[in-house]
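Read the structure below first, then the notes.
The values are calculated or read from the model by the stated rules, or taken from the named source; none is laboratory data. The model shown is predicted, which means the values in this text are computed figures rather than measured ones. FYI the Cβ positions are ideal-geometry reconstructions off the backbone, even for glycines, and counts take in every protein chain you see. Heads up: the accessible areas ignore ligands, DNA and RNA and are worked out on the full protein's heavy atoms, side chains in. Shrake-Rupley method; radii C 1.70, N 1.55, O 1.52, S 1.80 Å.
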Amino acid sequence: AGAEPVDDFEPAVGLVFGALPGSAAAAGEVPARHARWNPLSRLDFVSRQAVQGALAGALAILAGKQLSDARYYWAVLAAFVMFTGTATRTETFLKGFNRVVGTFVGLAASIGLAALTAGSTAAVLATICASMFLGFYLIRLSYAYMIFFVTIMVGQLYSVLHEFSPGLLLLRLEETAIGAAVGLLVALLVTPLSTRDTVRTVRNNLLGALHEVLTAAAARLERHPGPPADFDALARDLDHRLYQLALVARPLTRPVLGGTTSPRLRHRLSLYAALTTHGRALAVAMRMPGSCTRHPEGPVAACTALAEAVEELTAAPPGTGRPAAEGPLARADVALFAYTPAAAGERAKDPALRALSHLYHVLCDLAATGSAGPRRLPALPNPTVPRLYRQVRAGIPGETPSG
């Protein structure tokens with residue numbers, strides 16, 4: 001009461017219909033493949049998807065009418081739905097695959113239930129209501145569950161209209177398969193968007209958000225003049241980036257896709273989740289008064305070195321086969337574990353030091369996943385805090401000034 005209204009409020013994370021945006025929001029900045037020879041690849045993401053949906057719908061009409069002049073709309077619907085809520089070609093394939101599998105399994109269940117509920121309006125209505133509830137309830141687990149129950153519901157509706165027959169449901173399966181095949185063909189050939197390119201872009205966004213947290217923490221510990229950083233907003237943005245990464249990388253962890261290194265990918269995703277957890281802990285620690293006040297130089301140097309390590313990890317191309325960010329991680333090692341013996345017992349008590357230590361270990365594991373063997377950091381001298389701090393600020397790693 002009595003507070004001035006805030007006109008320039010800007011949320012840290014934008015919502016879509018009250019929920020976090022899906023993979024399409026993360027893929028908007030990712031360029032499509034074949035941009036050199038395909039002018040459509042230069043369009044923005046929404047325009048590319050509009051072209052894909054229109055072309056897939058037109059081809060589905062032509063192919064579906066060859067099978068049935070009256071029910072070809074099932075093929076059109078299957079092709080169109082494949083481009084709703086998806087961004088990459090792998091996501092599109094998985095949605096079409098789940099639609100065909102759900103229709104196939106639901107066909108058998110629908111034939112059995114139609115025989116059980118025949119002649120009973122109450123049983124038909126109860127089955128329809130139950131199918132609607134279960135379909136929308138289980139869609140979070142898999143899109144195939146929703147299509148399974150939708151197929152049962154369609155069978156019950158045709159039973160009420162006295163048009164039900166196994167051949168009609170088989171026709172629906174065939175038209176759905178045609179539409180899914182057309183949608184997959186369009187997704188692969190017309191402005192395809194690589195799932196791995198999207199994952200790489202979203203991963204870089206996550207590391208960029210962590211870099212902002214580390215930079216703001218260093219400024220907070222150094223007591224830079226100016227307005228303090230909003231660590232709550234930084235933590236929310238970090239969580240949002242992790243959500244997007246898990247969303248766009250989910251298709252690559254599915255066993256249905258042969259050739260994907262899902263165990264290694266899952267390990268890396270767990271490391272990114274750990275980075276987010278400890279980055280959030282660091283942001284929370286920066287809001288506490290008196291954090292790292294006894295030995296601020298070491299944590300400042302650690303924040304600066306870890307921020308540099310994050311930058312090098314972002315710039316490192318994937319699959320290089322060698323570890324990255326060795327220099328910054330070695331300086332962070334010295335800043336955290338050798339800057340003063342008195343801080344060894346305080347590290348477990350100080351939340352900022354504890355978060356920085358965890359971030360250091362996770363970044364070491366993340367940097368080592370690109371190498372063939374275990375990570376070995378180069379040995380560095382153990383300078384005192386002011387000397388190490390001057391080295392980090394001057395950008396001269398691993399050298400101790402004389403005198």
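What is the set of long-range amide H partners of residue 194 at a cut-off below 5 Å, with H atoms built 1.01 Å from backbone N?
Under 5 Å from the amide H of residue 194 lie the amide H atoms of 33, each far enough along the sequence or on another chain.
May I have the extent of the alpha carbons of segment 114-240 along their three principal axes, as whole Å values ordered from largest to smallest?
Principal extents (largest minus smallest coordinate, Cα): 79, 40, 17 Å.
Provide the descending list of Cα extents for segment 54-120 along its principal axes, expressed in whole angstroms.
43, 28, 16
Write down the accessible area per residue of segment 132-238 in Å², having rolled a 1.4 Å probe over the full set of protein chains.
Numbers: 5060 Å² over 107 residues.
Ligands and nucleic acids excluded, the result is 47 Å² per residue.
Please give, to one decimal in nm, the separation of the simple spin-label points placed at residue 170 and residue 222, each 7 Å out from Cα toward the Cβ.
Computed distance between label sites residue 170 and residue 222 equals 7.4 nm.
What is the Cα coordinate range of segment 176-246 on the first, second and third principal axes, sorted by size from largest, in whole angstrom?
That gives 63, 18, 16 Å along the principal axes, largest extent first.
Assuming R0 = 56 Å, what is the FRET efficiency of residue 130 and residue 46, from their Cβ-Cβ distance, to the nearest 0.05? Walk me through the numbers on the way to the answer.
Values: r = 37 Å, r/R0 = 0.66.
The pair residue 130/residue 46 has a calculated efficiency of 0.90.
Highest mean first, what order results for 351-363, 143-155, 265-277 on Cβ atoms within 10 Å? Kindly include the intermediate steps, with their values, before the conclusion.
Numbers: 351-363: 21.2, 143-155: 23.1, 265-277: 17.5.
So the peptides 351-363, 143-155, 265-277, ranked by packing, come out 143-155, 351-363, 265-277.
Report in % the part of the accessible area of segment 165-238 that belongs to carbon and sulfur, leaving out ligands and nucleic acids; probe 1.4 Å.
Carbon plus sulfur share of accessible area: 64 percent.
Taking the Cβ of residue 270 as the center, what net charge do the other residues with Cβ under 13 Å away carry, scoring Lys and Arg +1 and Asp and Glu -1?
Details: positive: 264, 266, 268; negative: 365.
Neighbour charge sum, excluding residue 270 itself: +2.
For segment 139-187, rounded, prolate or oblate, judged on the Cα gyration tensor with a ≥ b ≥ c (square roots of eigenvalues), a/c < 1.5 rounded, else prolate if a/b > b/c?
On the way: a/c = 3.68, a/b = 1.42, b/c = 2.59.
In terms of gyration-tensor shape, oblate.
Sorted by mean Cβ packing within 10 Å, highest first, what order do the peptides 325-335, 104-114 take?
In descending order of packing, they fall as 325-335, 104-114.
Using a 1.4 angstrom probe on heavy atoms only, work out the carbon and sulfur share of the accessible area of segment 39-137 in %. Before the final figure, lay out the partial values.
Working: 3670 of 5030 Å².
Carbon plus sulfur share of accessible area: 73 percent.
Can you give me the P(r) profile for segment 83-122? Cα pairs, bins 5 angstrom wide beginning at 0, each as a whole percent.
Taking every Cα pair in segment 83-122, the percentages come to 5, 21, 16, 13, 12, 11, 9, 8, 4, 0.
Cβ under 11 Å from residue 74's Cβ, residue 74 left aside: what net charge do those residues give with Lys, Arg +1 and Asp, Glu -1?
Working: positive: 71, 99, 172; negative: 174, 175.
Summing Lys and Arg as +1 and Asp and Glu as -1 gives +1.
Expressed in nm to one decimal, what extension gain is obtained for the pair residue 365 and residue 271 from 0.36 nm per residue of sequence separation less their Cα-Cα distance? Numbers along the way, then the final one.
Details: separation 94, 0.36 × 94 = 33.84 nm, distance 0.77 nm.
Result for the pair: 33.1 nm of gain on full extension.
What is the local net charge at residue 246, summed over the other residues whose Cβ is closer than 12 Å to its Cβ (Lys, Arg +1; Asp, Glu -1)? Working shown, then result.
On the way: positive: 203, 241, 250, 266, 268; negative: 239.
Residues close to residue 246 contribute a combined charge of +4.
Which order, highest average first, do 160-168, 177-185, 124-132 follow once you tally other Cβ atoms within 10 Å for each residue and take the mean per peptide?
Result, highest mean Cβ count within 10 Å first: 177-185, 124-132, 160-168.
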